[in-house]
Amino acid sequence: MGKEEQATSKGNAAWRPPARTVSSMFAIGPKFVARAFAVAVRRNLPHRTIAFIRQYRPRRPPTVTFKDAYLFAWSKMARIRQYRPRRPPTVTFKDAYLFAWSKMARCRPLLARDPAELSMVERVECGILKLVLAMPDGRHRRALRQFGIQLERQGVSAARRSIAQQHGVTMMIGTLGPGGAERQLVVTARGLREGRKPSIRVACVNLSSPVSRFFLPELESRDIAASVIGTELDSNLEPARRAVVDALPPELRDDVALYAKTLAAQNPEIAHLWLDEVNIKGGIAAVLTGVPKIIISQRSLPPINFVFHQPYMRESYRWLARQPGVKMINNSAAGARAYEAWLGLAKDSIGVVRNGYAFDESELAGYKADCAKLRQRVGIEPGAQVVGTVMRFTEEKCPMLWLEIAALIRRELPDVRFLIVGDGPLRTVMEARAAADDLAGAVFFAGHLKESMAAIASMDLMLLTSRAEGLPNVLVEAQFLGVPAVTTPAGGAPEAVNHGKSGWVLQGWDAASSACQIVRLLRDGHWREAAAKDGPEFAFKRFGVQRAIDETLAVYG
């Protein structure tokens, strides 16, 4: 650097060294480079910034001993230790059995079929199913025997109060929803009240939702009180009865205590129970509380045919059948004989009281007058032929078979429309099937309808495809309205139809043959006119309400 350049640099605070390459700078020497860099930084950065940088100058790393490294590794392993494999939970025989029980549900339809029609694989499945379903019987038989011993030991069973202290009839059922059994309870309660018979009270397991209170207004219109089982505030079981309840199997214990609480509060002369679960729990509670007369009303085929079947049911029914004051009835001969076979009871030990219906001519005429409005409301065009049904969307009703038959009917008669009244867990899959090309635009889902009779009156033919039935109300109601009723030969369904005159019993559950028969009936206008006349006469004669009330009173004694 020349003297002139040095003089110029001393008077210029923003001086920068002339540009040089890195190699040329290090050729002068690394100390010179470092010193020049420090001077440049000091001149171009504020003093505070320089002080801030200095405090972060590199320090000598601490000495790490073997002990320090070991303790650091030990602390990190603690996080891994908490994820060490744990002992798998113990699986008991009961857990495995209940799992097998639930998985066998798909085989239950085999029980309702003729063994001669089953394939070899189906026969094996049916045999395994019966074996699995029979396995819990021994445990429940021993528990109920111990329960009976406790009753005698405590003197509870002999402590039946005087009939003079007891009064009226308590009817018990799960809900007052839109079902056949619920409808028959309402019809029976109304008939007894109109006949000025003993006071009638109704107790239900659940009345919390609008659907569960479907028939409640009809009871209230006749001043029949309805309550929820176990909600009484002024009644508690006596200590002796409370101790006896503890001898029951765990799955019965708590519910039986609730039923007993209601029966102890109402103190009826007669406990009339409806449907399997209520029959068993209410029946045991009625024996426990000393109710003199216990009527167990079975409404269909045995529960072994359905997914709601529980392990305690068979032995509980058998125990109840041996108790004094207990009478069992069914609403069809087919159902009564099936229960007798399932429980091992003598033939005709279960009585038959068929459903009763209270319709007068003006009421039926009103339903027929409303059918045009109902068709319009659901979207069915005037003048179209309608095949319909009223059912729960559950497996035993075979709703998918119903839709397959509908698709085959539409192939022959494209203008036919299909009306489905009801609801249930299979609605989504049913709607998906109805949206397929062969049924699109022809199937109408109406949901739950209070005016279900008007919906039936709007049909040209009623079709029921169940694999298991007691005595279907909808078949009888259709004939009251002059609508031909067609059904599969399920349980007591054939007893509900005047075959060939007011309706038709199909030979089986084959979709193709069933559709062919229904197409023939839809094309035969003369037969349908004759069926419309025969149906009401047959229904009034066999299913009149007064006949049902008289038979029920005979059972009451």
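The values are calculated or read from the model by the stated rules, or taken from the named source; none is laboratory data. Because the structure is a prediction, the values reported are computed rather than measured. Cβ coordinates were reconstructed from backbone atoms using ideal geometry, including for glycine residues, and neighbour counts include every protein chain displayed. Ligands, DNA and RNA are stripped out before the accessible areas are found, and what is left, the full protein with its side chains, is counted by its heavy atoms. Shrake-Rupley method; radii C 1.70, N 1.55, O 1.52, S 1.80 Å.
Descriptive notes on the structure:
- Expressed as a whole percent, the accessible surface of region 105-153 that belongs to carbon and sulfur atoms is 57, based on a 1.4 Å probe.
- Lys, Arg +1 and Asp, Glu -1 on Cβ, resulting dipole of region 279-388 about Cα centre, debye, nearest 20: 380 debye
- Each peptide among 130-136, 278-284, 417-423, 448-454 gets the average number of other Cβ atoms lying within 10 Å of its residues, and from highest to lowest they stand as 278-284, 417-423, 448-454, 130-136.
- Here THR65 and ARG139 are evaluated by their C-beta separation; at R0 = 56 Å the FRET efficiency comes out at 0.25.
- Note on exposure: PHE359, PHE72, PHE393 ranked by accessible area (1.4 Å probe, complete protein assembly) read PHE72, PHE359, PHE393, with the most exposed listed first.
- Nearest-10 value in Å² for the accessible area of ASP255, using the 1.4 Å probe: 50 Å²
- Solvent exposure of region 218-344 as accessible area per residue, Å², 1.4 Å probe: 33 Å²
- Using a cut-off of 25 Å between Cα atoms, the listed pairs LYS130/LYS397; LYS293/LYS347; LYS373/LYS501; LYS281/LYS541 include LYS373/LYS501; LYS281/LYS541 as exceeding that distance.
- Accessible surface of region 481-557, 1.4 Å probe, proportion on carbon and sulfur as whole %: 55 percent
- Region 346-472 - percent of accessible surface contributed by carbon and sulfur, probe 1.4 Å: 53 percent
- Rolling a 1.4 Å probe across the protein heavy atoms gives region 399-496 an accessible surface of 28 Å² per residue.
- For region 537-546, the Karplus equation 6.51 cos²θ - 1.76 cosθ + 1.60, evaluated at θ = phi - 60°, returns couplings of 4, 4, 5, 5, 5, 8, 10, x, 5, 5 Hz by residue, with Gly and Pro reported as x.
- Label-point separation, SER349 to LYS368 (7 Å along Cα→Cβ), nm: 4.7 nm
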